[in-house]
1. For segment 75-101, which positions are in contact (Cβ under 8 Å) with a residue 40 or more places away in the chain, more than 26 Å from Arg34 (Cβ to Cβ) and open to solvent by 60 Å² or more (accessible area, probe 1.4 Å)?
2. Return the only residue of Lys181, Lys208, Lys232, Lys197 being charged (D, E, K, R) and within 18 Å of Leu15 (Cβ to Cβ).
3. Can you tell me which residues in segment 128-137 are closer than 17 Å to Ile43 by Cβ and free of Cβ contacts under 8 Å to residues at least 60 places away in the same chain?
4. Condition first: surrounded by fewer than 23 Cβ atoms within 10 Å (Cβ to Cβ) and within 30 Å of Leu230 (Cβ to Cβ). Can you find one or more residues in segment 63-74 that meet it?
5. When segment 194-239 is examined, which residues are found to be surrounded by fewer than 16 Cβ atoms within 10 Å (Cβ to Cβ) and aliphatic (A, V, I, L, M)?
6. Need a quick list: helices (runs of 4 or more DSSP H) entirely within segment 13-102 having at least 1 residues that are in contact with a Leu (Cβ under 7 Å, 6 or more places away or on another chain).
7. When you check Phe60 against the structure, is it over 18 Å from Ala157 (Cβ atoms) and open to solvent by 60 Å² or more (accessible area, probe 1.4 Å), yes or no?
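The values are calculated or read from the model by the stated rules, or taken from the named source; none is laboratory data. Quick caveat, the model's predicted, so the values are computed rather than measured. Cβ placement follows ideal geometry from the backbone for every residue including glycine, while neighbour counts extend to all protein chains displayed. SASA here: full protein model, heavy atoms, side chains in, ligands and nucleic acids out. Shrake-Rupley method; radii C 1.70, N 1.55, O 1.52, S 1.80 Å.
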Amino acid sequence: MPQDKPAYTRILLKLSGESLLGNLSHGIDFTAARSIAFDIREIHSLGVQIAVMIGGGNIFRGNAGIQTGMERVSADYMGMLATIMNGIALEEALEKEGVGAVHVSAIEIKQVADPFIRKKVCRHLEEGRVIIFSAGIGSPYFTTDTAAALRALEVGAEVILKATQVDGVFSDDPLKNKEAKKFNSISYLEFIKMGLKVMDTTAVSLCKDNGLPIIVFNFHKKGNLKNAVLGKNIGTIIS
């Protein structure tokens with residue numbers, strides 16, 4: 001039986017920190033990390049070069065710190081440190097699945113992650129290693145969505161795959177409004193004008209300026225990641 005042919009050579013997968021929660025209310029469920037690693041291994045076996053940008057909301061969310069009176073800069077840095085913990089867990093999970101991985105942090109923390117050096121990251125991708133990006137871009141005021149867009153452009157990814165808990169982009173939160181309309185496709189400008197919240201508008205603007213498509217899909221449905229990589233019609237494409 002012939003191997004499935006991927007639609008993309010190099011991708012950036014944007015994962016929320018919540019994807020590592022599993023059955024927990026807070027923290028890292030390593031079983032969930034292994035499940036993610038298994039799905040990544042499946043597309044890695046197709047020859048796809050994979051970078052992952054990981055969030056940190058399962059451990060600490062900057063907005064939550066701000067609401068309790070913290071300064072924005074301090075809260076954002078704490079959120080970045082949370083993503084580094086998630087990066088360590090995902091790197092370990094991938095290694096246990098037999099997939100070589102390199103954890104790259106935008107904040108220098110040499111004991112657990114490499115610094116971001118674009119040429120080295122591209123070489124790792126070419127040699128078949130999965131890159132895990134943590135700490136966003138290393139600066140406050142920028143979300144991990146925006147960091148995902150920036151890193152995707154820097155390493156030459158052909159698409160951003162934005163993993164969510166719902167089936168794509170909707171006119172409203174489908175978990176709260178059953179009448180919300182799902183879009184199969186939407187332009188960057190329409191997304192921004194409608195003020196849709198599934199992805200940061202700065203990230204979408206950056207993708208618009210550089211013609212980088214975004215596919216928003218439900219990560220919890222088995223096979224969706226592979227189907228997205230194969231170019232099948234799932235979720236919503238922002239282009």
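1. The one that is in contact (Cβ under 8 Å) with a residue 40 or more places away in the chain, more than 26 Å from Arg34 (Cβ to Cβ) and open to solvent by 60 Å² or more (accessible area, probe 1.4 Å): Tyr77.
2. Working: Lys181 fails: within 18 Å of Leu15 (Cβ to Cβ); Lys208 fails: within 18 Å of Leu15 (Cβ to Cβ); Lys232 fails: within 18 Å of Leu15 (Cβ to Cβ).
Of the residues listed, the single one that is charged (D, E, K, R) and within 18 Å of Leu15 (Cβ to Cβ) is Lys197.
3. Arg129
4. Residues of segment 63-74 surrounded by fewer than 23 Cβ atoms within 10 Å (Cβ to Cβ): 63-74.
Narrowing further to those that are within 30 Å of Leu230 (Cβ to Cβ): none.
Scanning segment 63-74 turns up no residue that is surrounded by fewer than 23 Cβ atoms within 10 Å (Cβ to Cβ) and within 30 Å of Leu230 (Cβ to Cβ).
5. Met194
6. Qualifying helices (runs of 4 or more DSSP H): 30-44, 72-96.
7. Working: over 18 Å from Ala157 (Cβ atoms): yes; open to solvent by 60 Å² or more (accessible area, probe 1.4 Å): no.
No; evaluated as a whole, the condition is false for this residue.
Listed here are the residues, each with its yes/no results for (1) at pLDDT 95 or above; (2) among the small types (Gly, Ala, Ser).
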site	(1), (2)
Leu24	no, no
Ile28	yes, no
Arg34	yes, no
Ser45	yes, yes
Ala93	yes, yes
